[in-house]
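Structure, as structure tokens:
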Amino acid sequence: MTQLEAAKKHIITPLMRQIARDEKIKAALLCRRIAKGHIVILRNNKRTLKKVCAVGSGLRTKINANIGTSTDRKALKLEFKKLKIAVKYGADAVMDLSVGGNIPKIRKALIAKSDVPFGTVPIYEAAASSKQKYGNFLKMTSKDMMDVLERQAQDGVDFFTIHSGVTKSAIKLLKKKGRTLDIVSRGGAILAQWMHYNKKENPFYENYDTVLEIVKKYDIVLSLGDGMRPGAIADASDAVQLKELRTLGKLAKRAYNAGVSVIIEGPGHVPLNQIEKNVRWEKEICNGAPFYCLGPLVTDIAPGYDHITGAIGGALAASYGADFLCYVTPAEHLSHPTVADVKDGVIASRIAAHAADIVKTKTAKNKDKKMSDARKKRLWNKQISLSLDPEKARTYRNRLKLQVSNVCAMCGEYCSIKLMEKCMRA
Ligand code: SF4
């Protein structure tokens with residue numbers, strides 16, 4: 001029985017109890033929200049996770065960090081380092097997006113070292129292995145794709161991104177309407193190219209019942225990918241994006257009825273004033289399923305700083321109800337991320353998630369109160385320990401030799417907090 005099926009029968013599983021404790025909510029409430037499909041638990045039933053993670057309504061906003069090899073950079077050691085640093089700085093989940101090297105070996109090695117839920121985009125492995133097998137990824141068969149799903153499920157993958165919404169009719173609409181950037185999703189583009197070459201419908205759409213059967217066996221969460229997401233501000237909220245979202249809404253319902261948990265992936269590049277309606281659309285069209293935002297990036301013009309553009313959009317989206325943020329690194333649009341890029345991306349995303357949680361949960365504010373109290377008392381070690389990045393905070397604190405004790409080098413003897421302390425005491 002899947003967690004969703006158990007919840008529909010009002011059964012509170014040990015995993016639900018554990019999550020309720022971590023999230024500080026009542027287990028019965030958590031169970032009711034799982035039963036409605038508004039909360040999902042990211043865990044393959046073959047895995048025992050050190051850090052369990054649920055995503056959805058009323059819970060802390062979670063963040064995901066993407067790691068994985070590229071066709072130009074295939075070193076597994078580097079990906080181990082990225083996994084370690086992502087989890088150290090607070091990633092609640094990681095996704096292996098490897099497309100280079102021995103992908104099954106890389107995936108197995110990374111899963112074995114991952115204490116947090118582990119996601120993949122199986123079409124990447126299907127394409128890469130088909131390229132080896134046939135000399136051209138376009139020759140892959142539907143069976144090749146389903147076989148990869150089964151293999152990855154057996155290896156313990158906790159959630160899958162499947163681009164079932166990239167359908168023939170969605171591509172027809174894309175051609176008719178036109179866009180600044182046609183398809184920017186790697187999985188979406190692989191499938192669109194495959195469909196064009198083979199003159200066939202998307203196998204993940206056509207064989208959706210087979211997909212559901214596989215993921216249900218392992219209680220894997222299906223992340224319905226937005227292969228047609230806007231990759232340019234000029235394309236945000238267009239007819240193509242909405243058409244795909246409506247398809248995902250129908251597929252989410254079929255999954256729910258089959259006892260499979262789903263989350264819905266969301267855009268992309270979206271201006272600030274369209275973020276609220278994008279969150280509303282997802283919740284309305286997909287029956288309240290958790291929303292997994294890729295950013296959103298609020299401008300196209302900041303390569304090198306896209307962890308910031310993604311965090312601005314992510315904070316706003318999460319404050320309106322998005323549940324899960326996929327980080328963006330400074331290398332986005334430019335290069336394969338380094339370990340330092342992964343750290344910057346995770347921290348930026350954590351800031352966004354926490355800023356949103358201040359307005360949407362009861363407990364997040366307490367952390368800020370503790371920091372403000374320590375700031376007032378100028379308890380430097382406490383402030384550092386409460387920081388999202390204590391090492392960086394300590395480095396800055398120690399950067400200059402202090403002339404006046406118990407303040408910092410910013411205002412020195414004119415420290416407003418210290419001056420007011422005397423004033424308020426008088
Ligand atoms: S010196 Fe200025 S910046 Fe530093 S703690 Fe005091 S008020 Fe804050």
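Brief remarks follow.
- Matching residues in the range 314-336 - criterion: being open to solvent by less than 40 Å² (accessible area, probe 1.4 Å) and either part of a loop (DSSP other than H, G, I, E, B) or farther than 27 Å from Ala255 by Cβ (or both): Ala315, Gly321, Ala322, Asp323, Tyr327, Val328, Thr329, Pro330, Ala331, His336
- Residue list for the range 236-255, filter: touching a strand residue (DSSP E or B) at 6+ places or on another chain (Cβ under 7 Å) and assigned to a helix (DSSP H, G or I): Leu248, Leu251, Ala252, Ala255
- Applying the set (1) within 30 Å of Met1 (Cα to Cα); (2) at pLDDT 95 or above to Lys82 leaves exactly one unmet item: (1).
- Out of Thr309, Thr329, one residue alone is under 14 Å from the mean Cα position of the chain (by Cα) and modelled with pLDDT of 95 or more. It is Thr329.
- Scan of the range 278-313 for residues that are farther than 25 Å from Val221 by Cα, of a type outside the set (Ser, Thr, Tyr) and part of a helix (DSSP H, G or I), ordered by number: Asp306, His307, Ile308, Ile312
- Residue within the range 355-377 that is modelled with pLDDT of 90 or more, in a loop (DSSP other than H, G, I, E, B), within 14 Å of the ligand (Cβ to nearest atom) and over 30 Å from Glu276 (Cβ atoms) present: yes
- His269 meets each of the listed conditions (1) open to solvent by less than 10 Å² (accessible area, probe 1.4 Å); (2) modelled with pLDDT of 95 or more apart from (1).
- Evaluating Ile12 against the criteria (1) part of a helix (DSSP H, G or I); (2) of a type in the set (Val, Ile, Thr); (3) over 22 Å from the mean Cα position of the chain (by Cα) leaves one unmet condition, (1).
- Pick from the range 337-346, criterion crowded, with 18+ Cβ neighbours inside 10 Å and in contact (Cβ under 8 Å) with a residue 60 or more places away in the chain, ranking: farthest from the ligand (Cβ to nearest atom): Pro337
- Top-ranked residue in the range 104-128 [being surrounded by fewer than 19 Cβ atoms within 10 Å (Cβ to Cβ) and not basic (Lys, Arg); ranked as nearest to Lys50 (Cα to Cα)]: Asp115
- For Ile384, the test of being within 15 Å of the ligand (Cβ to nearest atom) and either open to solvent by less than 50 Å² (accessible area, probe 1.4 Å) or touching a strand residue (DSSP E or B) at 6+ places or on another chain (Cβ under 8 Å) (or both) is passed.
- Of all the residues in the range 391-426, those that are away from the ligand (no atom under 11 Å from the Cβ) and either touching a Cys at 6+ places or on another chain (Cβ under 6 Å) or open to solvent by less than 50 Å² (accessible area, probe 1.4 Å) (or both) number 1.
- Scope the range 46-71; condition part of a loop (DSSP other than H, G, I, E, B), open to solvent by 10 Å² or more (accessible area, probe 1.4 Å), more than 20 Å from Asn257 (Cβ to Cβ) and among the polar types (S, T, N, Q); matching residues: Thr48, Ser70, Thr71
- Yes/no for Ala340 being over 30 Å from Asp72 (Cβ atoms), of a type in the set (A, V, I, L, M, F, W, C) and more than 18 Å from the chain's Cα centre (by Cα): no
The values are calculated or read from the model by the stated rules, or taken from the named source; none is laboratory data. What you are looking at is a predicted structure, and each value in this text was computed from that prediction instead of being measured. FYI the Cβ positions are ideal-geometry reconstructions off the backbone, even for glycines, and counts take in every protein chain you see. Heavy atoms of the whole protein, side chains included, go into the accessibility calculation; ligands, DNA and RNA do not. Shrake-Rupley method; radii C 1.70, N 1.55, O 1.52, S 1.80 Å.
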